[in-house]
Amino acid sequence: MQSNGTLRIAIQKSGRLYDSSIALLQEMGLEFELYRDRLFVNVRNMPIDILFLRDDDIPEYVRDGVAQLGIVGSNILEERGPEVENLLPLNFGYCRLKIAVPEQSKVQCIQDLQGMRIATSYPTILSRFLSQKDIKATPILLRGSVEVAPALGVSDAICDLVSTGSTLRTHRLRVLETVLESQAILVCQKNLSTDKKIFVDKLLMRAKGVQDGRRCKYVMFNAPMSSLDVIKERIPTCRSPSIMQLADPSMVAIHTVITPEDAFWDVIEVIRACGGSDIIVSPVEKLIR
Ligand code: PRP
Ligand code: ZN
């Protein structure tokens, strides 16, 4: 890929977003080696460096142009405000920001939090939520290890990210309410130079191609020629399929892509109801629209 200058992409050093971020970059065609405890790696086949950072720091680095692209949870973007440009939701890194209390706490609902202290790394989101619910509670800002705050007597409740829920279970905390849903987002620096913007757009096209490919299936099946019109009508995705004549002149082979908008199994049922048979389903590696 041609470009003037090196582009830097910031991803999480370790944790929830790491594996899927690496997988996405590799499927986008970036070739690189992974070393333990590395801070950055060079991409072999493109003028790109990958920086490994704490997820919480990524928006700041992208805002300041240390990296031009980043992969970060929407939870952090929401907390920080519009520092960077959101390019693409990535459909991974799903988690929720939740309010939780110690299992034995008397607090049963969020209204019981009146006058209490809530430890969090998300004071902006939490304060907005509390004022919407008309609850007067005090956010206590902690940068990490929020889950231990109640046991240390630092707070009465916490507001923290929950992914698998194992951190809450380990610290015997009980969920009261979900404050925010989050997923990974591809972000870029605002006001990029034209060169960098062109490069970023090429990478964005690849990221979308990978993502659309993952969510689509290539479907081939045989059907009676006489049911072709019904199939086209009942399966929106089949409006303009590839059609091949079979040796038996009363039959055709139909090739089409089922997109995420079509419920996959519903489409298969319709194909069968229309006389379709010998249905072959293949994964789509990339889909460039
Ligand atoms: C979040 C959160 C919890 C953990 C919850 O941390 O602060 O520690 O994930 O996950 P679980 O429900 O699967 O146990 P994050 O990934 O943001 O890492 P960081 O605290 O190091 O930034
Ligand atoms: Zn984090």
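Okay, here's what the table says:
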{"item": "Solvent-accessible surface ranking, highest first, for His255, His171 at 1.4 angstrom", "result": "His171, His255"}
{"item": "Qualifying chymotrypsin sites (Phe, Trp or Tyr not before Pro) in region 4-86, DSSP loop, other Cβ atoms within 10 Å at most 13", "result": "Tyr35"}
{"item": "GluC sites (Glu not before Pro) restricted to DSSP loop in region 220-289 with at most 10 other C-beta within 10 Å", "result": "Glu261"}
{"item": "Gyration tensor verdict on region 178-289 (Cα atoms; rounded if a/c is under 1.5, prolate if a/b is larger than b/c, oblate otherwise)", "result": "prolate"}
{"item": "With Cα atoms, 0 to 90° folded angle of helix 194-214 axis to the chain main axis", "result": "70 degrees"}
{"item": "Share of alpha-carbon pairs per 10 Å distance bin for region 119-252, given as whole %", "result": "9, 22, 14, 18, 17, 12, 7, 1"}
{"item": "Cα Rg, Dmax, region 145-219, angstrom units", "result": "20.3, 58"}
{"item": "Ranking by accessible area, most exposed first, for Asp64, Asp55 with a 1.4 Å probe", "result": "Asp64, Asp55"}
{"item": "Dimensionless Rg ratio for the chain, taking C-alpha atoms and the 2.2 N^0.38 Å reference", "result": "1.30"}
{"item": "Over 28 Å (Cα to Cα) - which of Lys13/Lys197; Lys196/Lys286; Lys106/Lys133; Lys13/Lys202; Lys13/Lys196 fall in this group", "result": "none"}
{"item": "C-alpha long axis of helix 18-27 to longest principal axis of the chain, angle in °", "result": "30 degrees"}
{"item": "Largest-first ordering by accessible area, 1.4 Å probe, given options Thr237, Thr164", "result": "Thr164, Thr237"}
{"item": "Distribution of pairwise C-alpha distances over region 60-202, 10 Å bins, in %", "result": "12, 37, 27, 16, 6, 1"}
{"item": "Semi-axis lengths (Å, descending) of the ellipsoid that matches the C-alpha gyration tensor of region 3-93", "result": "20, 15, 12"}
{"item": "Principal axis box of region 79-144, alpha-carbon based, largest edge first, Å", "result": "43, 23, 22"}
{"item": "At 1.306 mPa s and 10 °C, Stokes D of region 18-71 from Kirkwood alpha-carbon radius, µm² per second", "result": "134 µm²/s"}
{"item": "Using alpha-carbon coordinates, inclination of helix 123-132 to the longest axis of the chain, degrees", "result": "90 degrees"}
{"item": "Region 210-270: relative contact order in percent, alpha carbon pairs under 8 Å with at least 6 residues between", "result": "41 percent"}
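The values are calculated or read from the model by the stated rules, or taken from the named source; none is laboratory data. Remember, predicted model here, so these are calculated numbers, not experimental data. Note that we place each Cβ from the backbone using ideal geometry, even for glycine, and neighbour counts take in every protein chain shown. Side chains included, ligands, DNA and RNA excluded: accessible areas come from the protein's heavy atoms. Shrake-Rupley method; radii C 1.70, N 1.55, O 1.52, S 1.80 Å.
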